[in-house]
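Have a look at the structure below, then the notes.
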Amino acid sequence: MEQTFIMIKPDGVQRGLVGEIISRFEKKGFYLKGMKLVNVDRTFAERHYADLSAKSFFDGLVEYIISGPVVAMIWEGKNVVLTGRKIIGATNPSESAPGTIRGDFAVEIGRNVIHGSDSVESARKEIALWFPDGAENWGSSLQ
Ligand code: CMP
């Protein structure tokens, strides 16, 4: 079954949007397969956004991502990569439709609350980067 990587960014966590975001994915019918609250360091953030390293906003983007904890998640379901992007809305909140997460909760492109993989291939890479030991799902146990 198709999987995607979703990250609630530091502004989403600080603003108390975690429950709302998870609820939207759950109500759609997707399955939460892995989730963790993490602080990432500069090197890790640069690796996650390596494809954007030449962009003028790269340094600011990295500062933003390391500014507080993020919620990293794996979601699973039919067409979850593309449909997840629709639930999230356009990258620039000025262009994201009302009813989408960014359309409802964001104003600035540099503070756009959430990230979602843009293809099945990026999802595979991002899941491997963020969950190197596999998803810590409800089946994991403590001893
Ligand atoms: P995300 O979906 O995480 O993918 C890349 C991120 O880069 C994007 O969301 C934004 O947070 C950020 N981004 C893209 N374009 C700009 C921009 N013009 N200025 C600042 N940040 C940007």
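Work out, in µm²/s and without decimals, the Stokes-Einstein translational diffusion coefficient of the chain at 37 °C, 0.692 mPa s, Rh from Kirkwood over C-alpha pairs. D = 214 µm²/s. With both residues required to sit in the chain, DSSP beta bridges show an antiparallel share near 95%. Secondary-structure-derived ellipticity at 222 nm for the chain, considering helices only, amounts to -10500 deg cm²/dmol, per-run term -39500 (n - 2.57) for DSSP H runs with n ≥ 4. Scalar couplings 3J(HN,Hα) for segment 53-68, obtained by applying the Karplus form with A = 6.51, B = -1.76, C = 1.60 to θ = phi - 60°, are 4, 8, 6, 5, 8, 4, 4, x, 5, 5, 4, 4, 5, 8, 6, x Hz; x denotes Gly and Pro.
Backbone N atoms of segment 122-136 closer than 17 Å to the 7 Å Cα→Cβ label point of residue 43 belong to residues 129-132.
The packing ranking of peptides 11-20, 87-96, highest mean first, is 87-96, 11-20, where packing means the average number of other beta carbon atoms within 10 angstrom of each residue. Shown in residue order for segment 13-19 are the 3J(HN,Hα) couplings computed by the Karplus curve 6.51 cos²θ - 1.76 cosθ + 1.60 at θ = phi - 60°: 5, 4, 8, x, 9, 4, x Hz (x for Gly and Pro).
Laboratory data are not the source of any read-out in this text; all were calculated from the coordinates shown. No experiment lies behind these values; they were computed from the predicted model shown. Heads up, the Cβs are rebuilt from the backbone with ideal geometry, glycines too, and the neighbour counts pull from every protein chain shown.
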